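Okay, so here's the structure we're looking at.
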């Protein structure tokens with residue numbers, strides 16, 4: 001995706017690729033935790049995929065990727081504080097377009113790290129071993 005962004009669309013990559021990959025690694029832990037949590041409450045793969053799709057569509061629409069968060073109603077802006085995609089979009093914009101360093105993304109990094117910890121903790125806690 002980054003190669004296509006650079007070569008075809010000429011989007012500048014000003015910041016560190018290593019920082020982008022490091023943040024993405026933490027973000028992947030969030031997504032995996034959400035997936036594990038959802039799968040604990042479903043009986044089939046089809047149910048899990050439908051529920052995950054439902055939440056991901058809402059998360060993407062409320063992430064600020066397509067519509068600025070500032071233009072959303074106040075109640076929606078509060079909900080977006082619990083949206084991990086919001087932080088991913090912010091960090092990618094900050095690092096790719098502004099050349100931000102790790103010090104600049106610490107608030108988003110810590111929130112994402114906390115989200116990853118909580119989601120994986122909930123996934124492990126809600127897991128029920130069956131024989």
Quick check: is even one residue across the range 104-126 over 25 Å from residue 11 (Cβ atoms), surrounded by fewer than 11 Cβ atoms within 10 Å (Cβ to Cβ), at pLDDT below 90 and over 15 Å from the mean Cα position of the chain (by Cα)?
no
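Determine if the range 93-106 includes at least one residue that is free of Cβ contacts under 8 Å to residues at least 40 places away in the same chain and within 21 Å of residue 5 (Cβ to Cβ). Before you say what the answer is, go through the steps one by one.
First pass over the range 93-106, keeping only residues free of Cβ contacts under 8 Å to residues at least 40 places away in the same chain: 93, 103-104, 106.
Right, trim to within 21 Å of residue 5 (Cβ to Cβ) and you get 93, 104.
Taking every residue of the range 93-106 in turn, at least one turns out to be free of Cβ contacts under 8 Å to residues at least 40 places away in the same chain and within 21 Å of residue 5 (Cβ to Cβ).
Please enumerate the residues belonging to the range 41-65 that are within 22 Å of residue 94 (Cβ to Cβ) and in contact with a helix residue (DSSP H, G or I) (Cβ under 9 Å, 6 or more places away or on another chain). Give the derivation first.
If we filter the range 41-65 for residues that are within 22 Å of residue 94 (Cβ to Cβ), which is where we start, we get 59-65.
Correct list: 59, 60, 62, 63, 64, 65.
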Which of (1) at negative phi; (2) at pLDDT below 95; (3) buried (at least 19 other Cβ atoms within 10 Å of the Cβ) is the odd one out, the single condition residue 101 does not satisfy?
(3)
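Of all residues being out of contact with any helix residue (DSSP H, G or I) (no Cβ under 7 Å at 6 or more places or on another chain) and farther than 17 Å from residue 89 by Cβ in the range 13-40, which is surrounded by the most Cβ atoms within 10 Å (Cβ to Cβ)? Just the residue, please.
It comes out as 32.
The values are calculated or read from the model by the stated rules, or taken from the named source; none is laboratory data. Here the structure is a predicted model, which means the values were calculated and not measured. Note that each Cβ is placed from the backbone with ideal geometry, even for glycine, and that neighbours are counted across all protein chains shown.
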